[in-house]
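The values are calculated or read from the model by the stated rules, or taken from the named source; none is laboratory data. Being a predicted model, the structure only gives us computed values, none of them experimental. Positions of Cβ are generated from backbone atoms using ideal geometry, with glycine treated the same way; all protein chains shown enter the neighbour counts. Ligands, DNA and RNA are stripped out before the accessible areas are found, and what is left, the full protein with its side chains, is counted by its heavy atoms. Shrake-Rupley method; radii C 1.70, N 1.55, O 1.52, S 1.80 Å.
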Amino acid sequence: MKKSERTRQFIIEQSAAIINKRGVSGTSIADLMEATKLAKGGIYGNFENKDEICLEVFNYLAGSVGKGLDNAIANKDTAKDKLYALLDYYQQRVVSSEAGGCPLLNFGVEADDTNPAIRQNVAKAIKRSQQRIEKVVNEGKSTGEFSKKIDSGRFALKMFTMIEGAMFTSRVTGSLAPMKTIVETLKTEIGSF
């Protein structure tokens, strides 16, 4: 990796938690300068503008969550255990994250009306998340673990939106009870597959 690439990555990593917590509009270049200990020229020498930094930060954070979810299911043998592992990962890692919670939710809420580039990347990340769930359900159907009657896409959409809603509610209310309730509800449903 070239020095400029390392510096760019450093800026992204040091800015990630700040932008995820404060949002695109709530984060100033001064905040990023403080976090990175770089001058304004050091930041703008690596990025065209703040929107580009925010887009790269979103991609970095979404990629980190995606890798965490993939790792959570990597060593699970059954589709049921994989779905449970996804739920546990969201409950244990994402909802209580010191880095500000789910980047898909945080960036998506802010960018839906204000930033088409970020909105497009959030939409792609949402699709990947739902596809991960759908793939696991289809695995369970193909091995006979789950009933063939289950609509994999519909369940993936439901599980993803329930988890995101529970994360939102838990973080805003400061209570893990909503997340716990949704995880238990989904595990019960998965158990009936």
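Values as computed for the structure displayed
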quantity: Accessible solvent surface per residue of the chain, calculated while the other protein chains remain in place, 1.4 angstrom probe, Å²; calculated: 53
quantity: Folded to 0 to 90 degrees: helix 152-173 orientation relative to the chain principal axis, Cα; calculated: 50
quantity: Cα centroid separation, the range 106-139 to the range 49-63 (Å); calculated: 14
quantity: Cβ charges +1 (Lys, Arg) and -1 (Asp, Glu), total dipole of the range 141-193, debye; calculated: 100
quantity: All-pairs alpha carbon distance profile, the chain, 10 Å steps from 0, percent; calculated: 9, 33, 31, 18, 8, 1
quantity: The chain, accessible surface, carbon-and-sulfur percent (1.4 angstrom probe); calculated: 50
quantity: Helix 3-22 axis, angle to the chain major axis (alpha carbon atoms, nearest 10°); calculated: 70
quantity: The range 1-31-the range 149-193 distance, computed between alpha-carbon centres (Å); calculated: 31
quantity: Top positive-direction residue, dipole computed over the range 63-186 with Cβ charges, set Pro178, Leu105, Leu86; calculated: Leu86
